[in-house]
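I have placed the structure first, in the form of structure tokens, so that the comments after it can refer back to it.
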Amino acid sequence: MATIYSKFKGRKTSAALLTAAVYFILTCTAFGQKSGQKWHFGISADPAAKKAHVTLELSGKLPDTVVFKMPVWTTGYYQFMNFGKNVSDFIATDESGNELGFKHTDQNTWKVAANHKAVKLKYDVECTRNFVGGNYIDTAHAYFSPAGLFMYQDKNIIQPVSITVNKYPGWTRIAAGLDVAGSDSTQYTAPDFDVLYDAPILMGKLEKLPGFTVKGIPHDFIGYKMAIADKQGFMDDIKKIVENGSAIIGEIPYKHYVFLGLGPGGGGIEHLTSASVAFTGNGLDKQAGKMRLYSFLAHEYFHTYNVKRIRPIELGPFDYEHGSKTEMLWVSEGFTVYYEYMIIRRAGLTNAQELIGQLRGNLLNYEKKPGHLFQSATQASLETWSDGPNGRVADEFNKTISYYDKGPVLGLMLDLKIRHETQNKESLDDVMRTLYYTYFKKLKRGFTPQEFRKVCEETAGVKLDELFEYASTVKEINYHPYFAYAGLDIDDAWKKLPGAWSGITAKTQKDSLFITAVEYDSPAWKSGIRVRNKIISIDGQPATLAALQALSTTKKDGDAVELEVEQKGNLKKVKVIFGTENSRSFEIKQMPGPDALQTAIYKSVFDPK
Ligand SMILES: [Zn+2]
């Protein structure tokens, strides 16, 4: 991970990236057309071995040595997975079954001496990671993330591919976002490897919920271990999500769509014509649970527009060997969070107060994390490959933010600003539509950061220096003017909280008191106390949670406490001088006496229809 990351250190200009991307498309297309290759994969699940058996028949114009590669990542999950490590029992033969020599030159590369003739491959892939971006098989189902399964030929991803998914005895169904070829759901096709890699396959003892169409296009929800009491009611709500999500752009860019429910777990990944979601349906009986699940599904669904088609220039065609790095995930991910809230609000699945609560949740997460003093939204996007999907860990946790938090806040501010400047005639929806029709439909490519900004400024009719400075720097955000555009007031005043404050949060584990969090720059932090330290004694007495918590009332600002802590196996005594905690509530309220424009903007955003 670290060595691969170092290749990204020199940051190219967007123009250079654009040129590289266009060149890549041209060379790949030219190669594909000339080569006239035929790629056919076969796949079988082997639950006993927890492996997938993969075959490839490759014919057509081939070089002397064919360089086969496994991707290092899968789109939508911006982390290095190095899928090659899961491959075993690799065998290459010619059409008559004679073995061909090969060299496994690195974890993800196999060089086969094909002698310009057709090649057959056989290999196994370990399927033990139960995760939306991994491969997994158990006795009742299998989930295949194609980037972790199918090899491509180096620098040759624009090739049509066909696939046979072999049925497994007793399993009822195969589901995938790919186009079905033939009369049953075992034959699939993809026009190129970008499409192939963006269409996971779920098979097993699956349940299909009642499907629906929007604008004549079929939408399905097929899943494993789903427990939904009111299936029709649930799908009626999903239909509202799809209708309101697709209405933002005005057209549906796919022929069919399927939500793949993977059963218990966490997370989701968006795809071109599907979404993979860890999902059981648990929680639908309460409004809070419903709101969380519908938000999550609306998020993955809206990605079919924002990131899959409305996309930064770097995100397609993808670089499966090095990863595709962009500074725009605050838009691709963050604005998708903004729209998940907007979609379920417009669908009537939440009310105005719930929507404000969701946005305030992200704002609080952003403001409370000290990382907002160190990392901008564009940096968080570029650095996610090394920071990890949820930012850095341990002490470094305090140096990062999440674009999932700052992104929707910036999305809201941009929406309100555009509405204010245009007398509520234009909005962030217009930005999304312009990006879709200009770059995806007309130019058939992604947009550069400069082009994104230009579309925002042209939609607003004014320069947006301040907003883009908030995106690319750690400058403290002044929310007031933006919230005021919708007649809202936000309470960002610092208030002193009562009681003595150390900054330590702890819990008892196996009769010991462990520190679970130390607030950055708090008195305990300044004394060198860190998360996971064990507290042995408090002012000479055995440490208990009750004794620690009592300090907030028995001590006052300026008082000291002596803590004996165990740090990495060493015992040491630490003196902590208590302080007073300052906090901001960021409560959001409607202003008294809003004017006509403020009222109209509030209604459009928070109380539509
Ligand atoms: Zn997302």
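The values are calculated or read from the model by the stated rules, or taken from the named source; none is laboratory data. On a predicted model such as this, the values are computed, not experimentally measured, just so you know. Every residue, glycine among them, receives a Cβ derived from its backbone with ideal geometry; neighbour counts consider all protein chains shown.
For the stretch 158-220, give me every one of the strands (runs of 3 or more DSSP E) that falls completely inside it and has 2 or more residues that are touching a residue at least 60 places away in the same chain (Cβ under 8 Å) and over 24 Å from the mean Cα position of the chain (by Cα). Show your work before the answer.
On the way: elements: 161-165, 173-176, 187-190, 201-204, 212-214.
Answer list for the stretch 158-220: 161-165.
Quick one: would you say V455 is within 27 Å of the chain's Cα centre (by Cα) and either free of Cβ contacts under 8 Å to residues at least 40 places away in the same chain or assigned to a loop (DSSP other than H, G, I, E, B) (or both)?
Details: within 27 Å of the chain's Cα centre (by Cα): yes; either free of Cβ contacts under 8 Å to residues at least 40 places away in the same chain or assigned to a loop (DSSP other than H, G, I, E, B) (or both): yes.
Taking the combined requirement at face value, the residue satisfies it.
Do any strands (runs of 3 or more DSSP E) lying entirely in the stretch 40-157 carry at least 2 residues that are among the acidic types (D, E), and which ones are they? Break it down stepwise before answering.
Values: elements: 51-59, 65-69, 87-93, 102-106, 109-113, 119-126, 141-144.
Passing ranges, in order: 119-126.
Report yes if some residue within the stretch 354-368 is among the hydroxyl-bearing types (S, T, Y), in contact with a Phe, Trp or Tyr (Cβ under 9 Å, 6 or more places away or on another chain) and away from the ligand (no atom under 15 Å from the Cβ); otherwise report no. Step through it out loud before you land on a result.
Initial filter on the stretch 354-368 (among the hydroxyl-bearing types (S, T, Y)): 366.
Filter once more, keeping what is in contact with a Phe, Trp or Tyr (Cβ under 9 Å, 6 or more places away or on another chain): none.
No, the conditions are met nowhere in the stretch 354-368.
Can you tell me which residues in the stretch 450-472 are buried (at least 18 other Cβ atoms within 10 Å of the Cβ) and under 14 Å from S376 (Cβ atoms)?
Listed by number, the residues that qualify are L467, F468, Y470, A471.
List pairs: first residue in the stretch 287-311 and touching a residue at least 24 places away in the same chain (Cβ under 8 Å), second residue hydroxyl-bearing (S, T, Y) and near the ligand (Cβ under 9 Å from one of its atoms) anywhere in the structure, Cβ distance under 6 angstrom, at least six positions apart or on different chains.
Listed pairs, sorted by first residue: H299/T336; F302/T336; H303/T336; N306/T336; V307/S332.
Might you let me know whether the stretch 397-405 holds any residue that is at pLDDT below 95 and under 16 Å from the mean Cα position of the chain (by Cα)? Please lay out each step first, then the result.
So the first thing to find is which residues in the stretch 397-405 are at pLDDT below 95, and the list is 397-402.
Next cut, under 16 Å from the mean Cα position of the chain (by Cα) only: 401-402.
Yes, the stretch 397-405 has at least one match.
In the stretch 209-223, which residues are under 25 Å from K308 (Cα atoms) and of a type outside the set (A, V, I, L, M, F, W, C)?
Answer for the stretch 209-223, where residues must be under 25 Å from K308 (Cα atoms) and of a type outside the set (A, V, I, L, M, F, W, C): G211, T213, K215, G216, P218, H219, D220, G223.
So that you can scan it fast, the table gives a plain yes or no per residue for (1) crowded, with 16+ Cβ neighbours inside 10 Å; (2) within 40 Å of the chain's Cα centre (by Cα):
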position: S537; (1), (2): yes, no
position: L551; (1), (2): yes, no
position: G558; (1), (2): no, no
position: K568; (1), (2): no, yes
position: V574; (1), (2): yes, no
position: T580; (1), (2): no, yes
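Take the residues in the stretch 500-529 that are touching a helix residue (DSSP H, G or I) at 6+ places or on another chain (Cβ under 8 Å) and surrounded by fewer than 16 Cβ atoms within 10 Å (Cβ to Cβ); name whichever of them is farthest from K555 (Cα to Cα).
Within the stretch 500-529, the match that is farthest from K555 (Cα to Cα) is T508.
Say we look at the stretch 208-221 and pick out the residues that are surrounded by 15 or more Cβ atoms within 10 Å (Cβ to Cβ) and touching a Gly at 6+ places or on another chain (Cβ under 7 Å); which of these is nearest to F259 (Cα to Cα)?
F221
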